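Worksheet: the structure to be examined is printed underneath.
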Amino acid sequence: METPAGPASATVRAAASRPGVRAAFDRAHQALGDLRFAEGLRRGWQEARAEAAVREAAALAVLEGARVTVDDLRTHSMRDTGGADFDPATALAVGIWRSQWNMASRFEPLNQRRAGAGRAPVPLPALVASLHRDACSALVASGRLRAGRVAIPASPAVLAAAMARTRIDAPAIARAGAVIAHFRQCEVFSPASVAVGAGLARWILVSSGVDPTGAAVVSAADALDPVGAARALAGWASGDEAGVGEWLVHVAQCVEYGARIGRDIAVHVQARTLGD
């Protein structure tokens with residue numbers, strides 16, 4: 001194996017080439033294409049990204065064991081008070097929202113008109129550290145986590161293996177899926193490894209141009225069915241091509257579902273009915 005856990009990169013590449021996996025990727029790309037040209041994103045892409053950050057954070061909080069409603073998290077996002085008086089679940093959820101929103105603030109503008117006006121590249125190790133720092137920020141503010149534990153991986157090897165997943169010679173959805181699986185399986189950081197991995201995966205999808213909108217809510221499907229997500233992850237953990245292929249199909253389905261949620265967000269942005 002190339003990594004402390006999980007399949008070799010060659011296995012991921014082979015799995016990504018299986019006909020069923022390619023078909024799932026195609027469906028995800030079609031859904032993301034439909035999202036890209038949603039009317040509500042023409043002028044409302046910033047609002048859509050903000051709402052997607054809230055919904056993604058709420059979904060990730062569920063996967064981290066901290067259940068919070070989208071409405072409550074949206075309210076906290078509009079009047080962020082730091083977190084000193086938050087209960088543990090709210091503190092983690094708000095921190096995850098901060099990590100998602102601060103990352104989304106680094107995405108390229110969607111409807112950019114000036115050539116060469118893009119943002120400077122973000123080194124992935126720095127991005128990962130900032131994702132964990134933000135995710136833990138309210139826990140630190142409330143005294144439930146020591147600052148010295150923040151942005152420190154379980155081991156250098158397990159973080160290096162995570163970074164290697166981002167460089168696999170495979171489609172972006174496959175690389176995103178490999179990252180999600182690695183952070184779930186290995187607990188690269190504690191707490192909030194799942195949230196950090198999902199953030200990095202979302203960055204891969206957006207920065208590669210697969211989801212230029214930044215409005216797909218990729219983790220929503222798994223939050224609705226955590227048991228099914230765990231069952232799909234077992235395919236990745238098996239290390240064989242068929243099992244990895246099943247996981248990649250699952251990830252593609254999550255992307256497809258997340259794109260549909262993004263389109264719903266765009267409709268509400270256009271109608272000015274977010275939160276109604």
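Structure summary
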quantity: Sole residue being closer than 20 Å to ALA10 by Cβ and in a helix (DSSP H, G or I), chosen from ALA195, ALA164; calculated: ALA164
quantity: Selection status of VAL188, touching a Pro at 6+ places or on another chain (Cβ under 6 Å) and of a type outside the set (D, E, K, R); calculated: yes
quantity: Residue in segment 70-78 that is surrounded by fewer than 16 Cβ atoms within 10 Å (Cβ to Cβ) and in contact with a Gly (Cβ under 8 Å, 6 or more places away or on another chain) present; calculated: yes
quantity: Residue check for PHE189: assigned to a helix (DSSP H, G or I), closer than 26 Å to ARG231 by Cα and modelled with pLDDT of 95 or more; calculated: no
quantity: Residue count, segment 206-232 (criterion: free of Cβ contacts under 8 Å to residues at least 60 places away in the same chain and either crowded, with 21+ Cβ neighbours inside 10 Å or at positive phi (or both)); calculated: 3
quantity: Count of residues meeting criterion [buried (at least 21 other Cβ atoms within 10 Å of the Cβ) and in contact with a Lys or Arg (Cβ under 7 Å, 6 or more places away or on another chain)] in segment 257-276; calculated: 1
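Residue by residue, here is whether (1) part of a loop (DSSP other than H, G, I, E, B); (2) under 23 Å from SER208 (Cβ atoms); (3) basic (Lys, Arg) holds:
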site	(1), (2), (3)
GLU51	no, yes, no
ARG55	no, yes, yes
ALA59	no, yes, no
VAL62	no, no, no
ASP72	no, no, no
GLY82	yes, no, no
ILE96	no, yes, no
SER99	no, yes, no
ARG106	yes, yes, yes
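The values are calculated or read from the model by the stated rules, or taken from the named source; none is laboratory data. Everything quoted here is computed from the prediction, not taken from an experiment. Here Cβ is always computed from backbone atoms with ideal geometry, including for glycine, and neighbour counts include all displayed protein chains.
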